[in-house]
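Report on one structure; see the data block that follows.
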Amino acid sequence: MAAYRHESRLDAAAALVLDTRELGRRPGSMRVVQREVRAPRRIGLDLVAVPADAALTLDLRMESVMEGVLITGTVSGIAEGECSRCLEPLHEPVSVHLTELYAYPNSATETTTDADEFRSVVADLIDLEEAVTDAVALALPLQPLCSPECLGLCPTCGVPLAIAGTGHGHETMDPRWAALATSMQSAVLTEATAVTEPTGEREPSSTVASRTDHGAPTDVEEK
Ligand SMILES: [Zn+2]
Ligand SMILES: [Zn+2]
């Protein structure tokens, strides 16, 4: 049914429309179709897509077969988007193989198959748009990467790790351990201060205080 709706609208001069009349209906005849076309619309997903109007290169063979016209070959272009790890802009070459049979009206394929399961030759014309956009969309990566080794973003501060360098990091700790570490650190500092003090002037109270500090975290931990 979809094919008939398109019939009046197919334009033989449109970039993604092929005219099969030059091919003839004799099975085995073949034409090479090499064209630069513009993407009829944005093709792709949120993170990466071939933009509308971007160049697509068709390198196809159009062959006459019993049932209709077989289109094989490649469609290539450049997708644009951003890296799913570091969010940097990226350009992703896309090259996708196409194999599509366009059935003749009243061919066995058309009379025995549901209309939405095959494509048709309509008034001697083939509309490649859907086949090309579907194939390109399927070829795009779900998780595009600027490079396979992309290090992504620092989960703490969000800086791209490729820019920050391998030494980049943050002192991070579970808040419970962080509290413990802080009190242990102050205990160590108190002790260190006590040791550097001249022994003669060392007050017994400071020794007692550092012992208390040592003991406190242990009590916390046991609870
Ligand atoms: Zn990246
Ligand atoms: Zn960071």
Ranked highest first by the average count of other Cβ atoms within 10 Å around their residues, in what order do 20-33, 116-129 fall?
116-129, 20-33
Taking 35 Å as R0, compute the FRET efficiency from the Cβ-Cβ separation of Thr113 and Ala54 and round it to 0.05.
0.55
For labels at Leu45 and His170 in the simple 7 Å Cα→Cβ model, what's the distance in nm?
2.8
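The numbers here are math on the coordinates, done by the rules we state, and not lab data. In this text, all values refer to a predicted model and were calculated from it rather than measured experimentally. As a convention, Cβ positions derive from the backbone with ideal geometry for all residues, glycine included, and neighbour counts pool all protein chains shown.
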